[in-house]
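A short write-up of the structure that comes next.
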Protein chains: 2
Amino acid sequence: MRMRGIDFWFDFASTYSYPAAMRIETEAAAAGVAVTWRPFLLGPLFQKQGWNDSPYNLNPVRGRYMWRDLERLCAGYRLPFRRPTQFPRRSILAARVGCAAAGGAATGAAEGATWLPRFARAVFTANFAQDRDIDDPEIIGAILTELGLDGAAWLSAAVTPENKERLRRATDAAWELGLFGAPSFLVNGELFWGQDRLDQAIAWAVRQP
Amino acid sequence: MRMRGIDFWFDFASTYSYPAAMRIETEAAAAGVAVTWRPFLLGPLFQKQGWNDSPYNLNPVRGRYMWRDLERLCAGYRLPFRRPTQFPRRSILAARVGCAAAGGAATGAAEGATWLPRFARAVFTANFAQDRDIDDPEIIGAILTELGLDGAAWLSAAVTPENKERLRRATDAAWELGLFGAPSFLVNGELFWGQDRLDQAIAWAVRQP
């Protein structure tokens with residue numbers, strides 16, 4: 001029997017990826033579903049759709065609603081929320097660390113998978129609850145240190161040519177899989193988009209033979 | 001005490017308005033919330049956002065996902081679904097009949113409000129479950145007749161200058177209220193967008209003093 005699983009594709013700058021990242025482990029575990037965390041960059045996917053900025057910035061009416069909606073959602077999930085003073089923040093450094101973690105680049109392959117979810121939740125909290133600059137290596141390094149990791153080693157591992165290429169490949173793969181936004185969930189090739197679809201994606205995974 | 005209520009803004013051509021229209025009366029009634037049905041035209045709001053067509057047509061990757069998502073949602077709600085061969089269908093005739101119903105233009109002010117929800121569900125079913133042309137007066141007339149109404153009288157009432165103006169005013173009001181898509185729900189000035197937000201909008205109405 002194949003392990004029931006869900007691929008969680010996210011960008012650290014993506015607003016609705018924040019509640020998804022905070023919720024997914026608890027909800028998936030309760031359903032017996034394993035989560036694979038897939039950091040990627042949304043910017044190149046937006047460019048392919050003809051946008052040179054977040055659609056929430058390009059369309060202010062839509063953007064104003066999104067911030068209010070996100071505030072209400074976070075209140076409902078009892079998640080702290082503070083609107084970032086910069087949006088979207090550059091998420092490439094955090095995404096590279098996430099890819100290095102997934103690849104186990106610094107200190108062994110098995111370790112990364114265990115701390116990537118905790119790292120991701122800390123980065124999303126920094127961006128969307130603490131208004132901290134997640135593009136700052138000092139802030140990312142401090143988050144790694146707080147997780148008991150070697151911050152300097154992982155920051156170095158993040159920017160190797162091999163690891164940069166890993167993030168580019170992940171982003172290319174996202175587009176090839178049909179993704180156009182974040183968060184997205186993939187279950188045996190079935191795509192679910194938006195944190196609103198997390199429960200449906202988990203239910204889909206549970207129904208897999 | 002003010003009656004708890006929710007304004008339901010919809011376009012008969014809007015895909016996600018279909019499940020919203022089919023679900024809202026039952027779910028609102030269970031919560032003791034009154035629904036006011038507000039037909040309007042999404043096209044002018046799209047034009048204000050720089051689009052000359054549905055964003056699902058302008059962005060094929062997004063559109064392909066929407067059709068699959070809608071199919072899954074309808075299956076989950078046990079609603080019949082057949083992808084319309086034309087999208088978006090012209091919805092102005094049905095919207096005008098809806099405005100005439102809300103205004104009670106043909107046969108008295110009180111009657112319209114009682115059959116508008118049934119008319120709307122029948123039109124949505126014609127468009128999204130039966131692939132029928134809701135721009136055809138014969139089809140709209142037949143729907144009215146099936147509801148026990150005077151189809152010819154209501155089709156005439158729909159196209160009076162006064163009623164056409166009523167729909168234009170509703171569409172202008174939608175934009176002024178901050179709407180940018182459909183379905184949308186308004187509860188004491190609080191905007192909720194998308195059929196995914198129906199439950200949240202009803203809960204918001206319940207919490208009103």
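Table: residues versus (1) surrounded by fewer than 22 Cβ atoms within 10 Å (Cβ to Cβ); (2) in contact (Cβ under 8 Å) with a residue 24 or more places away in the chain; (3) closer than 23 Å to B:R197 by Cβ.
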{"position": "A:G5", "(1), (2), (3)": "yes, yes, no"}
{"position": "A:F8", "(1), (2), (3)": "no, yes, yes"}
{"position": "A:E25", "(1), (2), (3)": "yes, yes, no"}
{"position": "A:W37", "(1), (2), (3)": "yes, yes, no"}
{"position": "A:R62", "(1), (2), (3)": "yes, no, yes"}
| Tabulated pairs, region B:158-171, first within 18 Å of B:W9 (Cα to Cα), second in a helix (DSSP H, G or I) and among the charged types (D, E, K, R), C-beta under 9 angstrom, 6+ apart or interchain | B:N163/B:R96; B:K164/B:R96; B:R166/B:R96; B:L167/B:R96
| When both residues are 6+ apart or on different chains and their Cβ atoms are under 7 Å apart, which pairs have a first residue that lies in region A:186-205 and is away from chain B (no Cβ under 11 Å) and closer than 13 Å to B:Y65 by Cα, and a second that is among the hydrophobic types (A, V, I, L, M, F, W, C) and surrounded by 20 or more Cβ atoms within 10 Å (Cβ to Cβ)? | A:L186/A:W9
| remark: Going through (1) more than 14 Å from every other protein chain (Cβ to nearest Cβ); (2) surrounded by fewer than 18 Cβ atoms within 10 Å (Cβ to Cβ); (3) not aromatic (F, W, Y) one by one, A:G178 fails only at (1)
| Could you list, in sequence order, the residues of region A:186-209 that are of a type in the set (A, V, I, L, M, F, W, C) and under 18 Å from the mean Cα position of the chain (by Cα)? | A:L186, A:V187, A:L191, A:F192, A:W193, A:L198, A:A201, A:I202
| Selection from region A:123-137 of residues that are outside any loop (DSSP other than H, G, I, E, B) and either modelled with pLDDT under 95 or surrounded by 22 or more Cβ atoms within 10 Å (Cβ to Cβ) (or both) | A:V123, A:F124, A:A126, A:N127, A:F128
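Look through A:P88, A:P80 and report the one residue that is modelled with pLDDT of 95 or more, of a type outside the set (G, A, S), over 24 Å from A:A170 (Cβ atoms) and not in a strand (DSSP E or B). Talk me through it step by step, then tell me what you get.
Details: A:P88 fails: over 24 Å from A:A170 (Cβ atoms).
Testing whether each residue is modelled with pLDDT of 95 or more, of a type outside the set (G, A, S), over 24 Å from A:A170 (Cβ atoms) and not in a strand (DSSP E or B) leaves just A:P80.
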| remark: Selection over region B:24-59 where residues are touching a helix residue (DSSP H, G or I) at 6+ places or on another chain (Cβ under 6 Å), within 16 Å of B:F12 (Cα to Cα) and outside any helix (DSSP H, G or I) yields a count of 4
| Scan of region B:66-81 for residues that are touching a Phe, Trp or Tyr at 6+ places or on another chain (Cβ under 7 Å) and either farther than 26 Å from B:G178 by Cα or away from chain A (no Cβ under 14 Å) (or both), ordered by number | B:E71, B:C74, B:F81
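Report yes if A:A170 is within 14 Å of chain B (Cβ to nearest Cβ), in contact with a Phe, Trp or Tyr (Cβ under 6 Å, 6 or more places away or on another chain) and of a type in the set (A, V, I, L, M), otherwise no.
Numbers: within 14 Å of chain B (Cβ to nearest Cβ): no; in contact with a Phe, Trp or Tyr (Cβ under 6 Å, 6 or more places away or on another chain): yes; of a type in the set (A, V, I, L, M): yes.
When the stated conditions are applied, A:A170 does not pass them.
Only one residue in A:L116, A:L93, A:L42 is at pLDDT 95 or above, within 29 Å of A:V187 (Cα to Cα), within 14 Å of chain B (Cβ to nearest Cβ) and touching a Pro at 6+ places or on another chain (Cβ under 9 Å), so which one is that?
Working: A:L116 fails: within 14 Å of chain B (Cβ to nearest Cβ); A:L93 fails: within 14 Å of chain B (Cβ to nearest Cβ).
Just a single option satisfies the conditions, and that option is A:L42.
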| query | Does B:L149 meet the test of being among the aliphatic types (A, V, I, L, M), more than 26 Å from B:A30 (Cα to Cα) and either at pLDDT 95 or above or surrounded by 14 or more Cβ atoms within 10 Å (Cβ to Cβ) (or both)? | reply | yes
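The values are calculated or read from the model by the stated rules, or taken from the named source; none is laboratory data. Being a predicted model, the structure only gives us computed values, none of them experimental. Note that each Cβ is placed from the backbone with ideal geometry, even for glycine, and that neighbours are counted across all protein chains shown.
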